[in-house]
1. Please compute the contact order of the range A:16-57 in relative form: average sequence separation of alpha-carbon pairs under 8 Å and at least six residues apart, divided by the residue count, as a percent.
2. List the lysines whose alpha-carbon lies under 27 Å from that of A:K77, not counting same-chain residues fewer than 8 positions away?
3. In terms of modelled amide H atoms, which long-range or inter-chain residues lie less than 5 Å from the amide H of B:E56?
4. Apply the Kirkwood formula to the range B:27-113: the hydrodynamic radius equals the inverse of the mean of 1/r over all pairs of different alpha-carbon atoms; give it in Å with one decimal.
5. Suppose R0 equals 25 Å. What FRET efficiency, 1/(1 + (r/R0)^6) with r the Cβ-Cβ distance, do B:S66 and B:R109 give to the nearest 0.05?
6. At 10 °C and a viscosity of 1.306 mPa s, what translational diffusion coefficient does Stokes-Einstein give for the protein assembly as shown, taking Rh as the Kirkwood radius over Cα pairs? Give it in µm²/s as a whole number.
7. What translational diffusion coefficient, to the nearest whole µm²/s, does chain A have by Stokes-Einstein, given a Kirkwood radius computed over alpha-carbon pairs, a temperature of 37 °C and 0.692 mPa s viscosity?
8. If you average the sequence gap of Cα pairs under 8 Å that are 6 or more apart and divide by the length of chain B, what percent do you get for the contact order?
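Computed from the coordinates by the stated procedures, all read-outs in this text should not be read as laboratory data. No experiment lies behind these values; they were computed from the predicted model shown. Methodologically, a virtual Cβ is constructed for each residue, glycine included, from the backbone with ideal geometry; neighbour enumeration extends over all protein chains shown.
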Amino acid sequence: GDSVTQMEGPVTLSEEAFLTINCTYTATGYPSLFWYVQYPGEGLQLLLKATKADDKGSNKGFEATYRKETTSFHLEKGSVQVSDSAVYFCALSPQGGSEKLVFGKGTKLTVNP
Amino acid sequence: DTGVSQNPRHKITKRGQNVTFRCDPISEHNRLYWYRQTLGQGPEFLTYFQNEAQLEKSRLLSDRFSAERPKGSFSTLEIQRTEQGDSAMYLCASSLLGGSPLHFGNGTRLTVT
């Protein structure tokens, strides 16, 4: 079945460091791909998305490119801030829409000043 | 946009008791979703509604679980004869039709003792 695998956490970085969180997926057809973020004490929020191969999603300095050849959707940010500390979830939608998302296990990021 | 509201935030119950959770979606959203999240895992899809119709249920949703969305507004998730394995965070999300992003609530944390 459809699945998402993301890098094990936790990840601890210093402020202004470069961030990469790896995400690979297994799916039939052409899924849409998402990154959700959960800040402490808050609900999940959509960070960015990509709906077809080679699309790049971006938001708040974060980027991820839909790579069909490597079935990947790695999250990157060039310079992290303390306020980026959160849990990041990679997810896919098997039918290309928003229903029935399949999530990875999440990666906890802590950014120290 | 007041966001997705879930009540209660926390519920502690004894094994064998019934519990009911409520979700109030964003008012103009037609779709409503329930997910379950256990510690260290990503959210897992349980079921979703389009207006008042329940369109899909996961195999995770055993016969002890029932969800309703009367009149296509708020939704309730009931768990009968709770088991310790039901302990989890239950997340509600809503969206407009057509693949728009999911908006998640803060969840109801259930602990079965």
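1. About 30 percent, as a whole number.
2. Within the straight-line limit of under 27 Å, A:K77 reaches these lysines: A:K49, A:K52, A:K56, A:K60, A:K68, A:K105, A:K108.
3. Sorted by chain and number, the residues that satisfy this are B:Y48.
4. Kirkwood hydrodynamic radius for the range B:27-113: 13.4 Å.
5. 0.80
6. After rounding, the answer is 88 µm²/s.
7. 236
8. Relative contact order of chain B: 37 percent.
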